[in-house]
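First up is the structure itself, then whatever we jot down about it.
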Amino acid sequence: MRDTAAIGEVLASAVAKLGSITDCARLEAETLVSRAIDVPRAYLFAHPEDRLDPAARSRLHAMLARRLAGEPMAYITGAKEFWSLELMVSPATLVPRPETELLVELALRDLPGRTEHQILDLGTGCGAIAVAIATERPLSQVTAIDISPDAVAVARQNVRQRDLGNVVCLLGDWTAPVRDRRFDMVVTNPPYVAADDPALAALHAEPDIALIAGDDGLAAIRVLARDCAEVLQPDGTLLLEHGHDQAERVAELLSFAGWQDIRCFRDYAGNPRVTRATRA
Ligand code: GLN
């Protein structure tokens with residue numbers, strides 16, 4: 001192996017390797033090479049003849065190895081785009097998904113911008129939903145809760161980075177830290193994957209606690225169906241993300257728990273993804 005190589009060659013070789021695991025090989029290769037050298041991506045095209053020094057090559061090698069082992073790009077770069085925000089993520093938090101933007105959109109539809117609302121985000125992870133809503137609704141107050149101390153730390157950094165004075169992040173088990181309060185809306189993207197779901201193989205780098213909810217994937221949603229009503233105002237709204245094949249079972253268990261006006265919405269891929277219900 002040569003100890004130096006031009007950016008152009010290194011890029012081509014990274015694209016070829018990444019092609020076996022992703023449809024975005026070129027973009028990912030450019031991202032990793034630019035990070036290894038610590039230059040903006042545009043630099044790569046202006047200086048294809050530049051050579052990587054050994055330290056940059058070894059940084060690239062390490063990042064490529066992680067990516068080829070199935071780690072999401074977001075964990076390697078430490079960042080993920082969500083709702084036009086660049087959020088910090090870590091392996092303690094789920095990587096925010098585009099389908100979760102539907103939940104934000106539905107929440108904003110129910111939260112007129114000129115009034116003040118109290119919103120509760122349960123299982124906030126990196127804080128994606130909370131930060132997006134708080135950014136769009138500066139008059140409102142968002143309380144974001146997660147049971148993972150590492151996730152809460154990431155969510156707090158995402159809040160601090162934007163100087164958002166209207167988000168508070170708390171450590172706790174679902175509604176436990178706010179049992180004496182009443183919110184206008186609860187938003188949540190809980191774990192909802194069944195423990196034996198083969199899809200988990202592709203998600204091995206992400207935290208089980210954020211993904212898996214018992215044998216049928218509904219364990220967390222059952223708890224939420226039971227506990228969210230008591231932290232909502234009488235006319236409060238629950239917005240809940242769930243699996244593409246769970247809409248009917250979610251509607252049944254919400255209805256059984258006494259929720260009303262239960263309605264499911266499809267995500268941009270056409271899958272039933274977010275259910276809205278109001279407190280009985
Ligand atoms: N949407 C995630 C997935 O792809 C699951 C997220 C969750 O369980 N909340 O599998």
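Data table
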{"quantity": "Count - residues of region 175-217 that are surrounded by fewer than 22 Cβ atoms within 10 Å (Cβ to Cβ), within 15 Å of the ligand (Cβ to nearest atom) and under 17 Å from residue 239 (Cβ atoms)", "calculated": "2"}
{"quantity": "Tally of residues being within 16 Å of the ligand (Cβ to nearest atom) and either modelled with pLDDT under 95 or in contact with a Pro (Cβ under 9 Å, 6 or more places away or on another chain) (or both) across region 99-125", "calculated": "3"}
{"quantity": "Unique match (being hydroxyl-bearing (Ser, Thr, Tyr) and out of contact with any helix residue (DSSP H, G or I) (no Cβ under 8 Å at 6 or more places or on another chain)) among 100, 124, 115", "calculated": "115"}
{"quantity": "Subset tally (residues that are within 18 Å of residue 78 (Cβ to Cβ) and either over 26 Å from the mean Cα position of the chain (by Cα) or touching a residue at least 60 places away in the same chain (Cβ under 8 Å) (or both)) for region 16-37", "calculated": "1"}
{"quantity": "Region 126-158: number of residues that are in contact with a Gly (Cβ under 6 Å, 6 or more places away or on another chain) and β-branched (Val, Ile, Thr)", "calculated": "1"}
{"quantity": "Residue match in region 30-52 (condition: out of contact with any His (no Cβ under 6 Å at 6 or more places or on another chain) and within 16 Å of the ligand (Cβ to nearest atom))", "calculated": "no"}
{"quantity": "Every residue from region 126-152 that is assigned to a strand (DSSP E or B), more than 16 Å from the ligand (Cβ to nearest atom) and of a type outside the set (A, V, I, L, M, F, W, C)", "calculated": "141, 143"}
{"quantity": "Any helices (runs of 4 or more DSSP H) falling wholly within region 26-118 and containing at least 3 residues that are crowded, with 16+ Cβ neighbours inside 10 Å", "calculated": "54-68, 73-77, 100-109"}
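The values are calculated or read from the model by the stated rules, or taken from the named source; none is laboratory data. From a predicted model like this one, the values you see are computed outputs, not experimental measurements. Glycine also receives a Cβ, built like all others from the backbone with ideal geometry; neighbour counts cover every protein chain displayed.
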